[in-house]
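All of the numbers you see were taken from the coordinates with simple rules; none came from a lab. What you see is a predicted model; the values in this text were computed from it and never measured. Counting neighbours? That spans all protein chains shown, and the Cβs are built from the backbone with ideal geometry, glycine included.
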Ligand SMILES: Nc1ncnc2c1ncn2[C@@H]1O[C@H](COP(=O)(O)OP(=O)(O)OP(=O)(O)O)[C@@H](O)[C@H]1O
Ligand SMILES: [Mg+2]
């Protein structure tokens, strides 16, 4: 089981559909993509284009119909629940749009939860680095209900990073935040890729958010239709417009 | 609105099933009790109608002291002259002298055969009687008997074999000449064991008097009614005789059993009440959780203009629906359980107790629905009101409602606990049952209201002891998350455990007291006593045996006692004749409070302090005494014993009245050995004196005390089994709370799984939460129950429970059971939590 050493995550001709018969929906139609180690990638596309599905399949949260998915050197498809759990715990970090934290735990406990679950020791130096980067030092003993939405998302980011996973997946992490809080989270994701060599994959609808990424992939109807490198927000917006023109049916 | 409610009930089937189940079990208990007792009642009526079917009028000697023991010796016997007098009454077709008494056959293993409540009878065989010979022939010689088919089956006897029987006399052996059944192909009438002797033998063995009869059974001439004949016979014989019609006797016997059954029914209903009380907690909790979970939905309804009353109605309607469904199911299940138990009961007598057919009395139906619906609605009322108070704006806010302060709850809880405790205390002092019951209920509610406050520190402490791993910590925190929810769930468990603990403390204290009295007060080395089965004691022995015991080398002194009910100034008391009063004084360590303790002479009686106080008598007072067989006489009180732990509420009579007692035999004897004599070898030399009577046992003091105490263990076991239902319902409550919490926390569980928590860890987390709640409930129950038990023991001092005994091992086992209950209750919710689809859980709304 050896994958491409350079890629942190890789999808090879992945097909995925929901439902059967007439109601069947093809969410992914032969997607092949590689996410290089230490890069920050944004996935964009109209609603229903398969962004979340792709991400779930990459992270082993959902099964695929055919093709192969690799995280680092591990082939994800074919793993049983135990293997997937292990994968999620050590190789993958998650940031959801909301409800990322356990209300009974403090911010610090939430951050170290993946390590605690696995019975691993916290690397104090790394923990401090992460905490300082997200700027949560004075909020560690707070419960999620005592934190603002932006702070909660930063805690979620810290948690995703603390186990040094192969890839961090973020599904619209700034979807519920105002632009300033969003910028903080995005800045943090950008830095973790740049400074800590952390691979980050983020789904977003916001061209401005996408402009933080090293690379932007555009999905439409379950296929990758365009790719940009180091774009500005304006580049992203233009591309979105042009894709809208290509396919009127999937106007968001 | 109604439609929306019904839809939401159906949509949440799990919730319906779980909260309904508590009501179903309670209602099942209620209707089951009614069906069972109704069926048994009718069956006994049928039985006695059969028993007395060939009796028009029956004559017996009127009892002077009614002891109410079916196997006890008779109040008096009738003579052949009495029989002639009856025969000569106009309208009498036949008059047959009955000879009926107690006869206990000995089984093949040498032990006396026992029944489950039915009598063991001896009779004189009568050709043409109710008995129908099935095998062999009637007894003709004095060493022959016929036995009932059920006796033959129980003892494994066949025609031609030997059977030994204990009667008024020690063991006698007979040959089985025949085996008989009863009309309707019955093997037995309600499980009795009957041995039929020839008449002279029966008269000697059963009545102790040759030529005597225990009663006369009369058949009337055609056209003469039972009542008319009864009046004629009564007039002819006079008031010393008791004359009753067959119908009257059948009704009286059935009524007597019916009273017992009614009491049994009350006991069962009491336990059903406890179960339903626990059920209220569960339903209250379920509805509270549901209302909390539906806060947004309800607020949305409010925002759209639904009124408060509509909100209350929507919850109450849901409760009524659940109540009705649960009542129907519970009624059905109760009928099944009642029928099953009745069938089981009927098989005890070897199928001899023919059931009158299962019917569902109206009382069962009415009470099932009343109880089921009232309980459910009552429990839902509080959550309903809470639902109506949800502000419309809650629809827009995040669901996290802030913890409401517990001050009001705590104050109310403290007040209720005090009121309940006070009522309970008063009830214990006067022995008023309703005060005790309502005091209990109110205190339980009070403690339940206090529970949320206690739960914070205690739950986190229990949690810390139990859980150190990450899932454990999460589980512990989850259980501390909603103090009210945890508290009610735990309180439901508390009720059952508290009651069991209270009963255990009282019974252990009783055992401790018995042992303590035996150890410190009674200076006897050996106790000779009869066995007691079904509450009736048999195995008495004649006075000359006692003389032989006393003559045995190594015996220093001893005394035997005869006992029977006597009337003192018309009040029934426990009367005792002691063979050697000074020996009793020494062996029991008695002191006089008035007069001197000395052998009683003719016309003298002795009393203990309790009896003297009850009868308002002192040394030197005179009192009219009526014994079972003797005439009324006036006695003088020669001595009054100081308060003692051995003798309680007894009247001592002189030896001259022995023959006036129902049974002129010693029921137990206390023997002191010479100094330095080995008690074991003394026992072995006394035992052969009673070789002909397996009902008599010779025991050393400690095994006697242990045997006495062991009887209480059976009582405890019965109560534990009945209260287990309350605990079972509480377990449902734990499952319910966990299941609803799992649903409520779907997203969290999904998140935990998404960041790598294993299934086993998820299950452990839920299990820890469950165990923490259960152990918390058990601890509460142990504390409350011990307090209850201690209070009851204080109140029961007069009855002879003088020493407090705390059954630590039992209490520990209850705690373990509770922990086990926690693990079991967690199984289903844990599996459900572990099986959650991670993706769906994360995006669960
Ligand atoms: N569990 C499911 N069952 C059936 N169809 C699904 C399921 N999940 C997704 N789909 C369908 O698969 C397609 C892709 O869905 P996906 O959630 O990946 O889109 P998305 O690009 O993330 O959209 P959005 O921007 O709205 O989040 C859609 O057509 C959607 O309807
Ligand atoms: Mg999506």
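Computed over the protein assembly as shown, the Cα gyration tensor eigenvalues convert (square root of 5λ each) into semi-axes of 83, 32, 27 Å, ordered from largest to smallest. Packing around the peptides B:733-744, B:430-441, taken as the average count of other Cβ atoms within 10 Å per residue, puts them in this order, highest first: B:733-744, B:430-441. When all alpha carbon pairs of the range B:58-256 are counted in 5 Å bins from zero, the resulting P(r) reads 1, 8, 15, 19, 20, 16, 12, 6, 3, 1, 0 %.
Using the Cβ-Cβ distance between residue B:681 and residue B:461 with R0 set to 51 Å, the FRET efficiency works out to roughly 0.35. Scoring B:181-190, B:778-787, A:151-160 by mean Cβ neighbours within 10 Å over their residues and listing the highest first yields A:151-160, B:778-787, B:181-190. How much mean residue ellipticity at 222 nm does chain B get from its helices, if each DSSP H run of length 4 or more adds -39500 (n - 2.57) and you divide by all residues, to the nearest 500 deg cm²/dmol? Rounded to the nearest 500, the figure is -19000 deg cm²/dmol. Projected label points at residue A:197 and residue B:116, each 7 Å from Cα along the beta carbon direction, are separated by 8.0 nanometres. Take the alpha-carbon centre of the range B:808-827, take the same for the range B:693-748, and report the distance between them in whole Å. So the two Cα centres are separated by 11 Å. Rounded to the nearest 10 degrees, the inclination of helix B:226-237 to the longest alpha-carbon principal axis of chain B is 40 degrees.
Of the peptides A:15-22, A:165-172, the ranking by mean beta-carbon count within 10 Å, highest at the top, reads A:165-172, A:15-22. Extension gain, residue B:109-residue B:84: 0.36 nm per intervening residue step, less the Cα-Cα distance, totals 4.6 nm.
So if R0 is 30 Å, what FRET efficiency would residue A:32 and residue A:242 give, r being the distance between their Cβ atoms, rounded to the nearest 0.05?
Working: r = 22 Å, r/R0 = 0.75.
FRET efficiency, residue A:32 to residue A:242: 0.85.
Just counting partner chain Cβ atoms within 10 Å, what average do the residues of peptide B:194-202 show around their Cβ?
Working: counts 0, 0, 0, 0, 0, 0, 0, 0, 0.
Mean partner shielding for this stretch: 0.
Computed from Cα atoms, the angle from the helix A:124-134 axis to the main principal axis of chain A rounds to 60 degrees.
Looking only at other chains, what is the average number of their beta-carbon atoms within 10 angstrom of each beta-carbon in A:12-20? Intermediate results must be reported in sequence, preceding the final value.
Values: counts 0, 0, 0, 0, 0, 0, 0, 0, 0.
The mean count of partner-chain Cβ atoms within 10 Å per residue comes to 0.
Compute the helix-to-body angle for B:808-835: its Cα long axis versus the longest principal axis of chain B, expressed 0 to 90° and rounded to tens. So the helix axis and the longest Cα principal axis differ by about 40 degrees.
Quick one: Cα centre-to-centre distance for the range B:565-628 and the range B:221-284, in angstrom? Between the Cα centres of the range B:565-628 and the range B:221-284 lies a distance of 35 Å.
What's the FRET efficiency of residue A:23 with residue A:164 using the Cβ-Cβ distance as r and R₀ = 30 Å, to the nearest 0.05?
Working: r = 42 Å, r/R0 = 1.39.
For R0 = 30 Å, the calculated efficiency reads 0.10.
Note on the range B:540-692: Cα-only Rg and Dmax are 16.1, 48 Å.
On a full-extension model of 0.36 nm per residue, what is the gain between residue B:227 and residue B:642, subtracting their alpha-carbon distance, rounded to one decimal in nm?
144.1 nm
Across peptide B:752-765, the average count of Cβ atoms from other chains found within 10 Å of a residue's Cβ is 6.
Note on chain A: helix-only mean residue ellipticity at 222 nm, from DSSP H runs of 4+ residues weighted -39500 (n - 2.57) and normalised by residue number, equals -11000 deg cm²/dmol.
As a test, work out the antiparallel percent of DSSP beta bridges whose residues both lie in the range A:7-242, rounded to the nearest 5. Looking only at bridges with both residues in the range A:7-242, the antiparallel portion is about 55 percent. Remark: spin-label model distance residue B:797-residue B:724 equals 3.7 nm, labels positioned 7 Å along the Cα→Cβ axis.
Take every DSSP beta bridge whose two residues both sit in chain B; close to 80 percent of them are antiparallel. Its residues counted as N, the range A:7-242 yields a C-alpha radius of gyration over 2.2 N^0.38 Å of 0.99. Model label sites at residue B:235 and residue B:134, defined 7 Å from Cα along the beta-carbon direction, differ in position by 4.5 nm. Please compute the length gained on full extension between residue B:171 and residue B:547, using 0.36 nm multiplied by the number of residues separating them and subtracting their Cα-Cα distance. Going from the current span to full extension adds 133.4 nm.
When only C-alpha pairs under 8 Å and at least 6 residues apart count, what is the relative contact order of the range B:742-834, in percent? Walk me through the numbers on the way to the answer.
On the way: 63 pairs, mean separation 49.2, N = 93.
For the range B:742-834, the relative contact order is 53 percent.
Rounded, prolate or oblate: pick one for the range B:170-250, where a ≥ b ≥ c are the square roots of the eigenvalues of its C-alpha gyration tensor, a/c under 1.5 means rounded, and failing that, prolate if a/b is larger than b/c, else oblate.
On the way: a/c = 2.74, a/b = 1.49, b/c = 1.84.
Judged from the Cα gyration tensor, the range B:170-250 comes out oblate (a/c at least 1.5, b/c at or above a/b).
By the beta-carbon count within 10 Å of each Cβ, the least crowded to most crowded order of B:259, B:54, fewest first, is B:259, B:54. Among B:749, B:151, a tally of other beta-carbon atoms within 10 Å of each Cβ gives an order, fewest to most, of B:749, B:151. Across all directions of projection, what mean area in square nanometres is found for the Cα convex hull of chain B? Result: a mean projected hull area of 43.0 nm².
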